[in-house]
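Everything below concerns the one structure shown next.
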Amino acid sequence: MTPETNLPRARNVSILGAGAWGTALALSIAARHKVVLWGRNPEVMQGMQTQRANNQYLPGFGFPDTLFATADIALAMRHASEQGLLIIATSVSGLRETLKLCAAFPLSHVVWLCKGFEQETQLLPHQIAHEMLGDAVPVGALSGPSFAQEVAKGLPCALTIASSSGALCQQVVDITHGNALRVYTSDDVIGVEVGGAVKNILAIATGVADGLGLGLNARAALMTRGLAEIARLNQALGGRNETLMGLTGVGDLILTCTGDLSRNRKVGLALAKGQALEKIVQDLGHVAEGVRCAQTVQGLAHRLGIEMPIANAVAAVLFDQISAQEMIARLLARDAKQETL
């Protein structure tokens with residue numbers, strides 16, 4: 001099989017990044033289109049192509065004939081170059097380097113899946129893209145409440161494509177929307193990205209609370225007040241808070257804080273047991289973006305003068321050797337005040 005396999009009315013899609021979520025989306029899109037899944041490691045990608053599965057990050061899901069795995073970046077870029085779709089599925093930490101690779105080829109657009117802030121710069125993904133590509137290339141964020149395993153199974157999922165380019169939004173909808181995958185549009189890139197980033201920190205907090213057996217009332221309080229923290233940061237960065245009432249805000253927050261497949265929630269559950277962060281991350285075997293994001297958001301909130309007590313408490317547990325019990329005690333000891341965003 002080659003990526004040039006002829007399918008009626010099929011479009012070409014290249015996904016750069018062969019982790020769990022990139023692979024799951026590739027499987028979903030490959031039901032209707034020709035997909036190239038790219039990864040850096042030639043040996044790993046050859047193994048995927050030979051075994052017809054991603055046994056490291058998403059085992060149990062075979063590749064259809066319309067999905068081609070490769071480590072050849074030129075092939076992946078060429079595949080998506082004409083009337084196709086280019087999606088970056090790396091973590092935020094890998095976005096800049098992947099955009100650098102993409103910039104060596106003719107680009108008509110770029111869409112990314114990652115959620116978070118770049119640790120060294122405190123930049124959101126669209127700001128990284130602006131630094132790397134300028135304003136000439138239409139870019140967008142495809143985000144929303146989405147567990148990779150459920151998408152790979154073909155279960156229903158709804159996402160939002162956010163871009164200042166209406167044409168790019170329509171292109172993404174035309175190619176990805178269908179079957180069990182619904183895709184909505186937004187022009188509020190900041191709001192979509194902030195919601196997707198900070199909810200991971202709150203999932204760690206709710207995981208801690210659940211791990212300590214604090215009950216559903218406590219979980220609801222953490223999620224609700226956590227949403228207020230997201231709104232403060234979002235407004236300060238220029239996003240619209242009504243965006244947070246949608247899929248990439250409340251929707252993603254609910255899923256990540258309550259779903260048993262949530263990696264960030266699993267981090268919180270393990271912290272409640274007193275496990276060391278290094279062991280938690282090692283046992284997880286996947287990236288938990290909330291760990292990277294917590295310290296970055298703490299610094300960003302301090303620089304902007306924004307009150308984010310839950311995010312600060314999570315960062316203290318992760319990096320300052322504060323116990324999970326002490327984290328909860330500090331939050332409960334805060335003075336009562338009027339409820340506002």
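Considered as a group, the residues in segment 6-18 that are more than 21 Å from the chain's Cα centre (by Cα) and closer than 19 Å to residue 112 by Cβ include one that is most open to solvent (accessible area, probe 1.4 Å), and that residue is 11.
So if I check each of 168, 123, 99, 159, which one is touching a Phe, Trp or Tyr at 6+ places or on another chain (Cβ under 8 Å), under 18 Å from residue 15 (Cα atoms) and at pLDDT 95 or above? Give the derivation first.
On the way: 168 fails: touching a Phe, Trp or Tyr at 6+ places or on another chain (Cβ under 8 Å); 123 fails: under 18 Å from residue 15 (Cα atoms); 99 fails: touching a Phe, Trp or Tyr at 6+ places or on another chain (Cβ under 8 Å).
Only one candidate qualifies: 159.
Each residue in segment 295-305 was checked for being open to solvent by 30 Å² or more (accessible area, probe 1.4 Å) and among the aliphatic types (A, V, I, L, M), and 1 of them qualify.
Residues that are assigned to a helix (DSSP H, G or I), open to solvent by 20 Å² or more (accessible area, probe 1.4 Å) and under 22 Å from residue 40 (Cα atoms) within segment 97-138 comprise 97, 100, 101, 132, 133, listed in sequence order.
Say we look at segment 317-339 and pick out the residues that are assigned to a helix (DSSP H, G or I) and of a type in the set (Gly, Ala, Ser); which of these is least open to solvent (accessible area, probe 1.4 Å)? It comes out as 324. You will find that of 201, 190, 161, the residue that is under 15 Å from the mean Cα position of the chain (by Cα), under 26 Å from residue 274 (Cβ atoms), in contact (Cβ under 8 Å) with a residue 12 or more places away in the chain and surrounded by 16 or more Cβ atoms within 10 Å (Cβ to Cβ) is 201 and no other.
Please determine whether any residue of segment 207-223 is buried (at least 21 other Cβ atoms within 10 Å of the Cβ) and free of Cβ contacts under 8 Å to residues at least 60 places away in the same chain. Yes, that holds for at least one residue. Restricting attention to segment 5-25, the residues being closer than 28 Å to residue 288 by Cβ and free of Cβ contacts under 8 Å to residues at least 60 places away in the same chain number 0. Hey, could you check segment 285-294 for residues that are among the small types (Gly, Ala, Ser) and in a helix (DSSP H, G or I) and say which is surrounded by the most Cβ atoms within 10 Å (Cβ to Cβ)? Residue satisfying both the conditions and the ranking: 290.
Scanning segment 81-100 for residues that are touching a residue at least 40 places away in the same chain (Cβ under 8 Å) and closer than 19 Å to residue 19 by Cα gives 85, 86, 87, 88, 89, 90, 91, 92, 93, 94, 98.
Condition (residue is buried (at least 17 other Cβ atoms within 10 Å of the Cβ) and either charged (D, E, K, R) or closer than 28 Å to residue 340 by Cα (or both)) applied to segment 269-284: is it met by at least one residue? Among the residues of segment 269-284, not one is buried (at least 17 other Cβ atoms within 10 Å of the Cβ) and either charged (D, E, K, R) or closer than 28 Å to residue 340 by Cα (or both), which makes the answer no. Residue count for segment 295-316 satisfying the condition of being outside any helix (DSSP H, G or I) and free of Cβ contacts under 8 Å to residues at least 40 places away in the same chain: 1.
The values are calculated or read from the model by the stated rules, or taken from the named source; none is laboratory data. Keep in mind it's a predicted model, so treat the numbers as computed, not measured. All Cβ positions, glycine included, derive from the backbone under ideal geometry; neighbour counts span all protein chains shown. Ligands, DNA and RNA are excluded from the accessible area calculation, which covers all protein heavy atoms including side chains. Shrake-Rupley method; radii C 1.70, N 1.55, O 1.52, S 1.80 Å.
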